[in-house]
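Here the structure comes first, spelled out in structure tokens, and everything after it is commentary.
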Amino acid sequence: MRASSVHEDVIVLESRVWRTTATAVRSGDEAFLIDSPVFPDELELLPSLLEQARFPVRGLLASHGDWDHLLGRLAFPGSALGVAETTAARLRAQPGEAQRGLRDFDERHYLERPAPLALGSVEALPVPGYCGLGERELELHPADGHTVDGMAVWIGWAAVLVCGDYLSPVEIPTPDGGIDAYLATLARLEPLLRAAAHVIPGHGSPLAAPTALELLTEDRAYLEALRAEPASARLPAGRRDAEQRRLHAANVARLRGEPSDS
Ligand SMILES: [Zn+2]
């Protein structure tokens, strides 16, 4: 697990699988953890790592309801989990979805965990809205389109945007929640990118804002091409490996209404 500091109050941890990010944000003597790493040893290390860095975690946030972002409670079992209202509704409508996703992954990789995942008390946060942390506030913005739910977190005093599964340098857009919704989220994020110093994508290393803006342009072009003529949409340069081609094929199949395994 890679750790990097993008601001004195913001540490980013990158899981060894899918480069899933977890972001610790601090104000005074209180910190929140946004999203989670995936492997058991990474989650086990997290409390001591953040304590040593003087980020006392008092609460958890998740950018959206996909299971790989929801594992914070395995590291901080007593903490409440704050999510967008859309994510809370999704978790209510599909109870056990996250646990099933985690179990499938663990079985495929022969992983063992000390305890099962319990999401505990899930707090639905109004989005758009604010969430208090110490003497400061996090700004919450709707971010649906990758999935039907989700939020981006703007850390104003650090000029850091934690955007969930958008603007990834390693993964093409997968618009499970609809291409129009995805494009609307990109449009909503764009002014935040212009004010940002750093952007933390859900998968991949922290980005300098100009790089994130380039990814936004590429992702918008890809999605517009996908919407206009799925078969002819070209993958963004730098994201054309076999796995990205597989995700693209799944995007095309989804648009044609074919059943898909991802
Ligand atoms: Zn994800």
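Protein chains only, probe 1.4 Å: how do L183, L223 rank by accessible area, largest first? Could the numbers behind the result be given before it?
Numbers: L183 20, L223 0 Å².
Per-residue accessible area, sorted high to low, gives L183, L223.
Taking amide hydrogens as placed 1.01 Å from N in the peptide plane, the amide H of G150 sits under 5 Å from those of T86, T87, A143, each at least 5 positions away in sequence or on another chain.
Where both bridge residues fall in the chain, DSSP classifies roughly 70% of the beta bridges as antiparallel.
Modelled spin-label separation between S205 and V252, with each label point placed 7 Å from Cα along the Cα-to-Cβ direction: 3.2 nm. Quick note on the chain: its Rg to Rh ratio, both from C-alpha atoms and Rh being the Kirkwood radius, is 0.94.
Take every Cα pair under 8 Å in the range 194-239 that's 6+ residues apart, average their separations, divide by the length, and report that relative contact order as a whole percent.
Computed over the range 194-239, the figure is 23 percent.
In Å, the Kirkwood hydrodynamic radius of the range 176-241 over pairs of distinct alpha carbons? Hydrodynamic radius (Kirkwood, Cα only) of the range 176-241 equals 12.7 Å.
In terms of Cα atoms, the Rg and Dmax of the range 1-72 work out to 11.0, 32 Å.
Shape class for the range 47-123: oblate, because the ratio a/c of the largest to smallest gyration tensor axis (alpha-carbon atoms, square roots of eigenvalues) is 1.5 or more and b/c is at least a/b. Compared with the alpha-carbon gap, the fully stretched path from Q94 to H109 is longer by 3.0 nm at 0.36 nm per residue. Rolling a 1.4 Å probe over the heavy atoms of the protein chains gives the range 11-111 an accessible area of 43 Å² per residue. By a 1.4 Å probe calculation restricted to protein chains, D165 has an accessible surface near 20 Å², given to the nearest 10. Surface listing: S36, S121 arranged by accessible area from highest to lowest gives S121, S36, probe 1.4 Å.
For the range 102-247, the carbon plus sulfur part of the accessible surface works out to 52%, probe radius 1.4 Å. Oblate is the label for the range 1-143. Its Cα gyration tensor axes, ordered a ≥ b ≥ c, give a/c of at least 1.5 and b/c at or above a/b. Residue order by solvent-accessible surface for E218, E229, E14 is E229, E218, E14, largest first, with ligands and nucleic acids left out and a 1.4 Å probe.
Distances between placed amide hydrogens fall under 5 Å for E123 paired with L81, G82, V83, all partners being 5 or more residues away or on another chain.
Full-extension gain between A184 and R245, please, as 0.36 nm times their residue separation minus the C-alpha to C-alpha distance. Please list the in-between numbers first.
Working: separation 61, 0.36 × 61 = 21.96 nm, distance 2.41 nm.
Fully extending the segment from A184 to R245 adds 19.5 nm.
Across all Cα atoms of the range 135-262, the radius of gyration (one decimal) and Dmax (whole number) stand at 14.5, 51 Å.
The values are calculated or read from the model by the stated rules, or taken from the named source; none is laboratory data. The shown structure was predicted, so the numbers you read here are calculated from the model rather than taken from an experiment. We place every Cβ from the backbone using ideal geometry, glycine too, and count neighbours over all the protein chains shown. These area figures cover heavy atoms from the full protein model, side chains too; ligands, DNA and RNA do not enter into them. Shrake-Rupley method; radii C 1.70, N 1.55, O 1.52, S 1.80 Å.
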